[in-house]
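J.: What follows is a structure written as structure tokens; I'll ask about it next.
The values are calculated or read from the model by the stated rules, or taken from the named source; none is laboratory data. Note that the structure is a prediction, hence the values are computed from the model and not measured. Using ideal geometry, Cβ is built from the backbone for each residue, glycine included, and neighbour counts are taken over all protein chains shown.
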Amino acid sequence: MTLGEAIRDAVQRLGQAGVESPQIDVEWLLADLLSCSRSEILLRTETNLTAEERDRLARRVERRARREPLQHILGTANFFGYDFRVSAEVLIPRPETEVLVELALEFLEHLPRPAVFDLGTGSGCLAIALAKRCPKANIIGSDVSEAALGLARSNAESLDALGQVEFRHADGLTALAKGEQVDLILSNPPYIPTADIDSLQPEVRNHDPHLALDGGADGMRFHRLLAAEGQSHLKSGGKVMAEFGDGQAAAIVDLFGQAAWPGVKTANDLSHRARIVIASAGH
């Protein structure tokens, strides 16, 4: 069987299984399998696969056809130009969340030695990407999941960021001691309403940890926490930047407004949808 024939058959199998981007997924699976780039795959379509390569590809394609996320099969997800190890213990980093890092970098640029708290760090993608692009920042990443923290530490070690990021096992803002303040609280918290989880794509519903998805009845449980208690952990002029779900913008802005935050606005994601709340503290 040639590489071209293998691609054709695998794309057909994934398409029948309802995978949204079968061609791209097959190219990634083969690039990883053959240790080459996706562009090289398309230049080698007449190459014959060995029996071992055919078997390994077939196993990977079947895993993807069962709607296991591509990133779990590959073992990594790219975020902000860095490869992060991922597993069923953490939310797979999404491209739209990269905007959160960009906004944080803009804010931190003019601070001499900024302190940042990443609430619900998961794979560590936010904290570590920020550390790599802002070496002057001191960053705390917390998570309620020990397994997630283990993976985050591993990612920080492999990306040479352990000296800049401190990981803490804690629930919510309890990761910060009484009186401990930072310049920025950053978070991609759970924001899916509980009743909506069963309607999510199988890749998300069956493979992302529900702990990282479930934001309570209206999806805003963690935003309420940030609005109610966040200011006490921010230095003068500090900010909260947190992602939220589709259709939540008005309610999120109202939450922070009712909690007397002096400045509240939203920012759009890569699809031009309101996705991030930016709340400025007083003092």
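J.: Within segment 188-195, does at least one residue satisfy the condition of being more than 24 Å from Glu102 (Cα to Cα) and surrounded by 15 or more Cβ atoms within 10 Å (Cβ to Cβ)?
T.: Yes, the conditions are met somewhere in segment 188-195.
J.: A follow-up question, please. Exactly one condition in (1) over 30 Å from Asp246 (Cβ atoms); (2) surrounded by fewer than 21 Cβ atoms within 10 Å (Cβ to Cβ) is not met by Ala147; state its number.
T.: Against the list (1) over 30 Å from Asp246 (Cβ atoms); (2) surrounded by fewer than 21 Cβ atoms within 10 Å (Cβ to Cβ), Ala147 comes up short only on (1).
J.: May I ask you to verify whether Arg113 is surrounded by fewer than 21 Cβ atoms within 10 Å (Cβ to Cβ), outside the structural domain of Gln181 (by TED's automatic domain parsing) and of a type in the set (Lys, Arg)?
T.: Against the criterion (surrounded by fewer than 21 Cβ atoms within 10 Å (Cβ to Cβ), outside the structural domain of Gln181 (by TED's automatic domain parsing) and of a type in the set (Lys, Arg)), Arg113 does not qualify.
J.: Here are some conditions: (1) within 20 Å of Pro114 (Cα to Cα); (2) exposed (fewer than 15 other Cβ atoms within 10 Å of the Cβ); (3) not hydroxyl-bearing (Ser, Thr, Tyr). Ala137 meets all but one. Which one does it not meet?
T.: (2)
So that you can scan it fast, the table gives a plain yes or no per residue for (1) in contact (Cβ under 8 Å) with a residue 12 or more places away in the chain; (2) surrounded by fewer than 14 Cβ atoms within 10 Å (Cβ to Cβ); (3) not small (Gly, Ala, Ser):
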{"residue": "Arg205", "(1), (2), (3)": "no, no, yes"}
{"residue": "Gly219", "(1), (2), (3)": "yes, no, no"}
{"residue": "Lys265", "(1), (2), (3)": "yes, yes, yes"}
{"residue": "Ala274", "(1), (2), (3)": "yes, no, no"}
{"residue": "Ala279", "(1), (2), (3)": "yes, no, no"}
{"residue": "Gly282", "(1), (2), (3)": "yes, yes, no"}
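J.: Does segment 185-208 contain at least one residue that is of a type in the set (Asp, Glu) and under 17 Å from the mean Cα position of the chain (by Cα)?
T.: yes
J.: Related question: Enumerate the strands (runs of 3 or more DSSP E) found wholly within segment 146-243, keeping only those where 1 or more residues are out of contact with any Phe, Trp or Tyr (no Cβ under 9 Å at 6 or more places or on another chain) and at pLDDT 95 or above.
T.: Qualifying strands (runs of 3 or more DSSP E): 165-169, 234-243.
J.: Mind counting the residues in segment 82-99 that are in a loop (DSSP other than H, G, I, E, B), of a type outside the set (Lys, Arg) and under 19 Å from Leu186 (Cα atoms)?
T.: Residues that pass the stated criteria total 4.
J.: Being crowded, with 16+ Cβ neighbours inside 10 Å, closer than 30 Å to Gly150 by Cβ and either at pLDDT 95 or above or in contact with a helix residue (DSSP H, G or I) (Cβ under 9 Å, 6 or more places away or on another chain) (or both) is the requirement here; does Leu57 meet it?
T.: no
J.: Right, another one. Please go through segment 13-65 and give me each residue that is of a type in the set (Gly, Ala, Ser) and more than 25 Å from Leu200 (Cα to Cα), ordered by number.
T.: Ala31, Ser35, Ser37, Ser39, Ala51, Ala58 - these are the residues of segment 13-65 that are of a type in the set (Gly, Ala, Ser) and more than 25 Å from Leu200 (Cα to Cα).
J.: Something else now. Which pairs have Cβ atoms under 6 Å, sit 6 or more apart or on different chains, and link a residue in segment 101-122 that is within 19 Å of Ala212 (Cα to Cα) to one that is among the hydroxyl-bearing types (Ser, Thr, Tyr) and modelled with pLDDT of 95 or more?
T.: Close Cβ pairs satisfying both conditions: Leu119/Ser187; Gly120/Ser187.
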